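Everything on this sheet refers to the single structure shown next.
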Amino acid sequence: QVQLVESGGGLVLAGGSLRLACAVSGRTITSNAWAWFRPAPGKAREFVAAISRDGAITNYAGSVKGRVIISRDNAKNQFYLQMNGLYPEDTAWYFCAGSVRGVATSTGHYYAYWGQGTQVTVSS
């Protein structure tokens, strides 16, 4: 059974930084692509960032590009989302997800494994 557990959310001032972590169990992190999503108005979820199975390719939503970095630690079987220059509009629950494909896709329905989420609140 694959389980994903997020951590690292919290309250931060606008312009601040947070690093979210997703601990993966039941599957080796090098077996899948991994991503972060968040809910958005009018959408079930909004793609934030993804990293490919081999870790060589990353993909970012335009709204966060240049402000966030997705990375992973194979030894710890975890992946991360470093978020810098946060805006109040980044306030959301952030969910980590694992894809059944190896590509760093932004398409949510390719992701079969989901965590419970971690809350990020950015105050102005």
Legend entry - Area accessible to solvent at Thr121, 1.4 Å probe radius, in Å²: 50 Å²
Inset, instruction - With a probe of 1.4 Å, find how much accessible area the chain has per residue, and write the answer as a whole number in Å². - result: 49 Å²
Legend entry - Inter-label distance for Ala44 and Tyr110, nm, one decimal - labels placed 7 Å from Cα along Cα-to-Cβ: 1.7 nm
Inset, instruction - For the range 76-124, just say rounded, prolate or oblate: build the C-alpha gyration tensor, square-root its eigenvalues into a ≥ b ≥ c, call rounded for a/c under 1.5, and beyond that prolate if a/b exceeds b/c, oblate if not. - result: prolate
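What is the diffusion coefficient of the chain in µm²/s, taking the Kirkwood radius over Cα pairs and the Stokes-Einstein relation at 25 °C with a viscosity of 0.890 mPa s? Please report the intermediate quantities before stating the final value.
On the way: Rh = 14.1 Å.
Estimated via Stokes-Einstein, D reaches 174 µm²/s.
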Legend entry - Overall dimensions of the range 13-60 by Cα: Rg and Dmax, Å: 13.2, 36
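Could you tell me what percent of the accessible area of the chain is made up of carbon and sulfur, with a 1.4 Å probe and every protein chain present? If you can, show how the numbers build up before the last one.
Working: 3020 of 6110 Å².
Solvent-exposed carbon and sulfur of the chain make up 49 percent of the total.
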Legend entry - Largest-first ordering by accessible area, 1.4 Å probe, given options Val120, Val12, Val5: Val5, Val12, Val120
Inset, instruction - For Asp54, tell me the accessible area in Å² from a 1.4 Å probe, rounded to the nearest 10. - result: 110 Å²
Inset, instruction - Find how much the distance from Asn74 to Gln1 grows on full extension, using 0.36 nm per residue of separation minus their present alpha carbon separation; answer in nm with one decimal. - result: 24.4 nm
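The values are calculated or read from the model by the stated rules, or taken from the named source; none is laboratory data. What you see is a predicted model; the values in this text were computed from it and never measured. Reconstructed Cβ throughout: ideal geometry from the backbone, glycine too, with neighbour counts over all protein chains shown. The protein model used for the area step is the full one, side chains on, heavy atoms only, and it has no ligands, DNA or RNA in it. Shrake-Rupley method; radii C 1.70, N 1.55, O 1.52, S 1.80 Å.
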